[in-house]
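**Student:** Here it is: the structure, laid out below.
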Amino acid sequence: MVETVVIPLVQIVIVLFGVLTAVAYLVLLERKVQAWVQVRLGPMRVGPHGILQPIADVVKLLIKEDITPARVDKWVFTLAPIIVLVPALIVFAVIPFGTPANIFGFSLPLYISDINVGLLYIVSVASLGVYGIILGGWASNSKYPLLSSLRASAQLISYEVAVTMMLVSMVLMAGTLSMVGMVEAQQSQGMWYAFTQPVAFAIYFIGGLAETNRAPFDLPEAEQELVGGFHTEYSGIRFALFFLAEYANMIVVSSVATTVFLGGWLRPFPGVEWLAFLDIVPTWVWFIVKTFGLLYLFLWIRATLPRYRYDQLMRLGWKVFIPIAIANVIVTAALKVIL
Amino acid sequence: MGEAIAFYTLAALILGFAVLVVTARETVHSVLFLVATFLFVAMLYVLQHAEFLAVIQVLVYAGGIVVLYLFVVMLANLKSAPEAHEDPRRRDRLGIALAGVVLAEFVAIALYAFTGPLPASAGAAAAVGANNTEQVGWALYADYLVPFEVASILLLVAMLGAIVLAKREL
């Protein structure tokens, strides 16, 4: 009973709480980083250096009026934000945060589940998020959200191909689909896959930018052309769910990249003997540091690069990334057979 | 016992959503119910310990094909009246005929399942200790290699054909 019900429930609660806190503070971090890049201070009023700003934001979104515009499709309109958020959260079920921790004599694994099709599970669950975007735009019964949701879903589907292809190369490298197995393979090979597969890492990360609709690929939210994107008609808590999902998806992309390419919970250079003193740091700290490093890259890119044009985006996805991705899979497979 | 309860609950949900697919007035709602049906079918696969199949079911059907359905449904105008010269009873007769064919097929399958010989387990797939994904891999690439390749060539030809038809000038 304790093994099968209580421990997983505790794990789920901890992971959900952790992810939602991370999302809230990621928003603050984004505003701060943007501000620093532009030589501003960013949020400073709520708490010292704006540290309590996320709480104020959440309270504001919760108590705002939740408007359902006239002539929307009520059911779908309500369902869409939920469909966007749920896949982003349940992906965390298979992400390993560290080696098992010892708490009060219990050996508590730092992942909720280690299923043998972990990576495929992530890809397939993440592919469901697109429904929320399409339906949110469609159900709003309004021109701009519909255009934006079409853009968003076309973008997502195009880049999904290259990103999934990159993960296929990584499966070839590790010989397993399990996320824990992925990290263990990097441990036994003594090298993060970001070093052995730099092309795959780069394309995965750029594709991740496009899949999460982040700058420079934030065309679905291009304010100048589309007012505010597929969630223009949403307000209050339902808007908050869309917002939450976008940031949760950024964390998903970063933590999957950390697990698959940056050795998950492993220390830097796991194969180098004289760096073994770094093992004193708990494994989950490495995971969080690496994930936030990648998230910082997301924010940095947003503050630096201008937005792509739509045809440039499609050309990049279909004519550059997908051919490179296919070549990468073929070369990886060939090297696997030869070596 | 628990497995039986889960099976019958899932079966009821699958059939319920399948009925909603054909009865919903709004086509987009139909598509959504179809997604729900596919997700519950995936759960049924999990119940049978076919994890790989379950995940692929979600990825290919729910995440891929139905998204394209949704695009078509949203972009095509389905509200226009049916064409005047079409005999309205023709569609009913066609539907009943197709339903009859499917029913006959089900009966045949059921009869075969109860009376016929047990299916021979695929040779290499039964490798001890291999997980679900590996078993599928062995079955596809060792036992059924030729049918698998033929199917993939068929898909390629279909895709090329669609592109040639859709694009007037290449």
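The values are calculated or read from the model by the stated rules, or taken from the named source; none is laboratory data. Since we're looking at a predicted model, the values are computed, not measured. Neighbour counts run over all protein chains shown; Cβ positions are idealised from the backbone, glycine included. Side chains are part of the model used for accessible areas, which takes the heavy atoms of the whole protein and leaves out ligands, DNA and RNA. Shrake-Rupley method; radii C 1.70, N 1.55, O 1.52, S 1.80 Å.
**Student:** Considering only protein heavy atoms, with the full assembly of protein chains and a 1.4 angstrom probe, order B:T27, B:T133 by accessible area, largest first.
**Tutor:** B:T27, B:T133
**Student:** Okay, moving on. Send over the Kirkwood Rh of segment A:194-316, from the inverse of the averaged 1/r over different Cα pairs, rounded to one decimal Å.
**Tutor:** Over segment A:194-316, the inverse of the mean reciprocal pair distance is 16.3 Å.
**Student:** Additional query: Mind grabbing the accessible area of A:M173 for me, 1.4 Å probe, Å², rounded to tens?
**Tutor:** Roll a 1.4 Å probe over it and A:M173 shows about 30 Å².
**Student:** A plus B alone minus the pair: what accessible area, both sides summed, probe 1.4 Å, in Å² to 100?
**Tutor:** Protein heavy atoms only, the A-B interface buries about 1900 Å².
**Student:** Any chance you could look up the accessible area of B:Y141 with a 1.4 Å probe, heavy atoms only, rounded to 10 Å²?
**Tutor:** 130
**Student:** Determine the residues within segment A:107-145 where the difference in accessible area between the chain on its own and the full set of protein chains amounts to at least 20 Å²; count protein heavy atoms only and use a 1.4 Å probe.
**Tutor:** Those are A:N116, A:V117, A:L120, A:S124, A:S127, A:L128, A:Y131, A:I134, A:L135, A:W138, which lose 20 Å² or more relative to the chain on its own.
**Student:** At a Förster distance of 51 Å, what's the computed FRET efficiency of A:A56 paired with A:L275, Cβ-Cβ distance as r, to 0.05?
**Tutor:** E between A:A56 and A:L275, to the nearest 0.05, is 0.75.
**Student:** Quick one: accessible area per residue over segment A:144-242, 1.4 Å probe, rounded to a whole number of Å²?
**Tutor:** On the way: 3160 Å² over 99 residues.
That works out to 32 Å² for each residue.
**Student:** Okay, moving on. Can you give the longest run of chain A that contains no trypsin sites (Lys or Arg not before Pro) sitting in a DSSP loop with at most 13 other Cβ atoms inside 10 Å? Could the numbers behind the result be given before it?
**Tutor:** Values: sites that count: A:R40, A:R45, A:K64, A:R71, A:R309.
It runs A:72-308.
**Student:** Additional query: With the solvent-accessible surface defined on protein heavy atoms using a 1.4 Å probe, which residues belonging to segment A:55-78 display a reduction of at least 20 Å² in accessible area in the multichain context relative to the isolated chain?
**Tutor:** Those residues are A:D73, A:V76.
**Student:** Let me ask something else about it. Ranked by accessible surface with a 1.4 Å probe, highest first, in what order do B:V102, A:V39, A:V19, A:V281 come?
**Tutor:** Listed by decreasing accessible area, they come as A:V39, B:V102, A:V281, A:V19.
**Student:** Would you please calculate the Kirkwood hydrodynamic radius of segment A:258-309 over all C-alpha pairs and express it in Å, rounded to one decimal?
**Tutor:** 12.6
**Student:** What FRET efficiency do you get for B:I163 and A:F104 if R0 is 45 Å and r is their Cβ-Cβ distance, rounded to the nearest 0.05? Intermediate results must be reported in sequence, preceding the final value.
**Tutor:** Details: r = 62 Å, r/R0 = 1.38.
Once rounded, the FRET efficiency stands at 0.15.
**Student:** If you don't mind, another one. Over segment A:200-263, what lengths in whole Å, largest first, do the semi-axes of the equivalent ellipsoid take, defined as the square roots of 5 times the eigenvalues of the alpha-carbon gyration tensor?
**Tutor:** Value: 26, 15, 5 Å, ordered largest first.
**Student:** Do any residues of segment B:1-41 show a loss of at least 10 square angstrom of accessible area between the isolated chain and the full protein assembly, using a 1.4 Å probe, and if so which?
**Tutor:** SASA drop of 10 Å² or more in segment B:1-41: B:E26, B:V28, B:H29, B:L32, B:V35, B:L39.
**Student:** Please list the helices of chain A that count as membrane-span-like by this rule: a mean Kyte-Doolittle hydropathy of at least -0.5 together with Cα atoms stretching 20 Å or more along the helix axis, each helix being a complete DSSP H run.
**Tutor:** Once both thresholds are applied, what remains is A:7-37, A:74-90, A:143-174, A:236-261, A:283-304, A:322-338.
**Student:** Write down Rg/Rh for chain A, rounded to two decimals, with Rg from the C-alpha atoms and Rh from the Kirkwood relation over Cα pairs. Intermediate values should be presented prior to the final figure.
**Tutor:** Values: Rg = 20.6 Å, Rh = 21.2 Å.
Rg/Rh: 0.97.
**Student:** Right, something else. Can you sort A:Y204, B:Y112 by 1.4 Å-probe accessible area, starting with the largest?
**Tutor:** Numbers: A:Y204 15, B:Y112 140 Å².
Sorted descending by solvent-accessible area, the residues read B:Y112, A:Y204.
**Student:** While we're on this one: Of the accessible area of the protein assembly as shown, with the probe set at 1.4 angstrom, what percent is carbon plus sulfur?
**Tutor:** With neighbouring chains kept in place, the figure for the protein assembly as shown is 72 percent.
**Student:** Mind checking which lysines have their C-alpha under 23 Å from A:K319, skipping anything on the same chain fewer than 8 residues away?
**Tutor:** Candidates past the 8-residue exclusion: B:K167.
**Student:** Next question. Excluding ligands, DNA and RNA, what is the solvent-accessible area per residue of segment A:63-110 at a probe of 1.4 Å, expressed in Å²?
**Tutor:** With all protein chains present, segment A:63-110 gives 58 Å² per residue.
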